[in-house]
Amino acid sequence: MTGHPASFGVSTEATGLVLATAPDLSSQEAADEEAREKRRVEGEMKLLARTMRRTCLFSHLDEADLRAVSNAMDRVPFKAGDRLGAAEGDPTQALYVITRGKVERRRGFGLRSRVVDETLHGMGDLPDPEKAEKAESDKGSPSLGVETASWSSKVFGLGQVSPPVEQVIEQRVVPSDGLEDMGNSSSPSSRGAGGGVGVEQVELVGESQDLVAFGTLHALDEAASFATTVAVSDGLAFKLGSPQLRDIFDNGSVARGVARGLSAEIFRMSDRYRTPLFEQPPQVVNVAAVSVAAAFEAYYRAAMNSLMNASLTGQASALFPNMHLQIPTRVAYINGFKATRQWLSNEVDARLGSATTSAERAGLLLVPALLPGVLMTPVSGLLEACNAGESNPEPLFRRMWRGLAPRCVREVVFGVGLNQLSDYFEERVPSEFATSKVLRNALGSVTAGLVSGYLSHVPHNLSTMKLLDPKTSYGGHFNVLVKKAEAGLPVGIPSSAVPAAAVARALLWPTGIVIRSTQIVGSFVLLNGISHLLDVRLWGSSRSRDTDKALSHPGRK
C-alpha cells in the first residue's frame, strides 16, 4: 500500500501541497475575473458618458452630475427582434441611450409626420405643428396623448414651420390589410382610411448613427410614445425610468445642467430656423426710408423700362419721361406694397388659431402674399403708361388700363419677390458667406430679383406690348414673340420641330429677358438696400433679422 501513492507519481506530502495551493489558484482566477468585470464596467460607463454627451438633455452636465445620472441607469442588453420601451401610443416610462447595436423606431401612417431627432443635430422628438396644435386644442382627451411641439406656434408664434431635418427617414409602403411583425408587440404598421396602402416611417437609432437616444423628451411626464422601438441587431442600452428621472431633476445642479443644454440647443436651432416663404413676417414700414429708396429707384426703373420697350418694338424712347408723375407714383406704389402687406398680415394673424385647419391656414397666408400685387396693379399701369407715350397716343389715364390682366400677374410676382422672396433668400444666406445684415439683404434681393424677373417676363412682355399696341390681340402679340424667338433659334433644328422650339424659347428665354431680370434685380437691391440703410431703428444694432422681425411682428415670430 505504501507504493500506491507512488503509482500516481505524487507523494502524500505532495498531495498535501496540492490541497493547500488549490484555494490560492481559485482566488487568483476570481481576482482576474473581478478585474476583467471592472474593466468591462468602466469601459461601458465611459462609452455611456460619451454617448450621453451627444444628447441635448445631458450635453451640458458636469462630470460629477453625469456620473450620478449614468449610475442611476439600468443596463439593458438586447437581442435582434426585441422591443425596447413603450409601444406606439403607450406611456413612455423610461428613456433609453443606445451604446452598442442599433434599433429602429417605427411609426405608422396615422401620425407619421413626426420627426425623431434627439441628438445635438435636433432637439428631441419634433412633432408636426398641426398635430401638436390639434392635440393642444383637444387637451383633456385621454385617447389623444400627443406631446405638444416644443417649437409649435405657442412658442415661436408660428403654426407651421420647416424643422431642420438632417436624419433621413425611410418610408415603407405596406398593405393596409397586413401587419408587420414588430418584435414583441402588435404591429403599428399603417392602415390607410378606406383600405389601400399606408406608409410606415422607420428611423435607425444607435451605434454609428446620428441618433443615440429615444424617449428623452417624453419620459419625464410619461407622455405617449409616438413610435415602437425594435432592435435590428444585438446590442446594449441603458435605461433611466421616469421616477428616477424626476428624482434627478430635483437635484439643482443637474437641473441647471439640463437647462443649459436645452438652452444651447434652442439657440442653435434658432440660428438654423428657416421660415417658409408665405410665413415670412413683414417689418414695420418706415415710410420715410421707403420713400427715399423709391424715389431713387424710380430713375433706374424708368431708364430700364425704356430700354425694355425699345427691345420689344425696335423704337427708342426717352429714358426719363414724365418723371414729375413717375416719382410720386413710384413712392406711393412701393409704400403701398409694403403697407398693404403689413396690414393684411396683421388681419390674417388675427384670424389664425389652433382651430384653423391646414387648408384654411394655407389660404389665409396667400392673402398678404398675393393681394398687394392685385391692389397695386392700377398704380403700376400708370407708371407703365408714362413710358409709352411715343408709341400709344391715347391719354395717359386711358392707356394705363391697357394690358391689365397680364400686368396683374406680373405685379403679383413682383410683390411676392419684393416682400416675401427677398426675406426668404436673405434668411438662407450661409453665415459663413456673409454675416452683415446689409450684405445678406443685398444677396437675398439679387437672388429674389433673378427669380422674380424670370417668372414675370412673359406677363410683362404681353402687358407692355398690349400697352404699346392696344389694337392687336394678346394672341397676335404672342405670335410676334414666337416669331422673334424663331429667328434666334440655332441652325440645324429639324423643320418639324421649329414651331415647338420657337414657342418654348418664347416662354423660357424670350426677348428682353436679360434687361427685365437686370431691372428687377436692381430695383430690389435699391429698394431694400436703401430703405435698410436709412432705417435709423437698425443703426448700431447687432440684432439679427429674425429678432428685428419678431419685434416688429410678434404675432408671427
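Quick notes on this structure:
- Residues of the range 463-490 that turn out to be under 18 Å from VAL503 (Cβ atoms), assigned to a helix (DSSP H, G or I) and open to solvent by 30 Å² or more (accessible area, probe 1.4 Å), as a count: 9
- Restricting the range 280-304 to residues that are over 18 Å from HIS532 (Cα atoms) and touching a helix residue (DSSP H, G or I) at 6+ places or on another chain (Cβ under 7 Å) leaves a set whose member that is most open to solvent (accessible area, probe 1.4 Å) is TYR300.
- Condition check for SER380: open to solvent by less than 20 Å² (accessible area, probe 1.4 Å), under 19 Å from VAL458 (Cα atoms) and touching a helix residue (DSSP H, G or I) at 6+ places or on another chain (Cβ under 8 Å): yes
- Scanning the range 400-416 for residues that are basic (Lys, Arg) and either surrounded by fewer than 24 Cβ atoms within 10 Å (Cβ to Cβ) or touching a Cys at 6+ places or on another chain (Cβ under 6 Å) (or both) gives a single hit, ARG402.
- Restricting the range 305-332 to residues that are more than 18 Å from VAL379 (Cα to Cα) and among the aliphatic types (A, V, I, L, M), the residue that is surrounded by the fewest Cβ atoms within 10 Å (Cβ to Cβ) is ALA316.
- Looking across the range 64-81 at every residue that is in a strand (DSSP E or B) and of a type outside the set (Lys, Arg), the one that is surrounded by the most Cβ atoms within 10 Å (Cβ to Cβ) is identified as PHE78.
- GLY453 being out of contact with any Asp or Glu (no Cβ under 6 Å at 6 or more places or on another chain) and either more than 17 Å from ARG516 (Cβ to Cβ) or touching a residue at least 12 places away in the same chain (Cβ under 8 Å) (or both): yes
- Scanning the range 245-274 for residues that are touching a His at 6+ places or on another chain (Cβ under 8 Å) and closer than 30 Å to ARG428 by Cβ returns ARG260, GLY261, ALA264.
- Sub-8 Å Cβ pairs linking a first residue in the range 54-65 that is within 9 Å of GLY257 (Cβ to Cβ) and touching a residue at least 40 places away in the same chain (Cβ under 8 Å) to a second residue that is of a type in the set (Val, Ile, Thr) and crowded, with 17+ Cβ neighbours inside 10 Å, at least 6 apart or interchain, are PHE58/VAL69; PHE58/VAL258; HIS60/VAL258; LEU61/VAL69; LEU61/VAL254; LEU61/VAL258; ASP65/VAL254, ordered by first then second residue.
- ALA316, sole failed condition from (1) at pLDDT below 90; (2) closer than 29 Å to VAL284 by Cβ; (3) among the small types (Gly, Ala, Ser): (2)
- Against the conditions (1) under 32 Å from the mean Cα position of the chain (by Cα); (2) outside any helix (DSSP H, G or I), MET269 satisfies every one except (2).
Yes/no per residue for (1) open to solvent by 10 Å² or more (accessible area, probe 1.4 Å); (2) at pLDDT 90 or above:
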{"site": "CYS386", "(1), (2)": "no, no"}
{"site": "GLU394", "(1), (2)": "yes, yes"}
{"site": "LEU418", "(1), (2)": "no, yes"}
{"site": "GLU432", "(1), (2)": "yes, no"}
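The values are calculated or read from the model by the stated rules, or taken from the named source; none is laboratory data. The structure displayed is predicted, hence computed values, not measured ones. Cβ sites come from the backbone with ideal geometry, for glycine too, and all protein chains shown count toward neighbours. The area values use the complete protein model at the heavy-atom level, side chains included, leaving out ligands, DNA and RNA. Shrake-Rupley method; radii C 1.70, N 1.55, O 1.52, S 1.80 Å.
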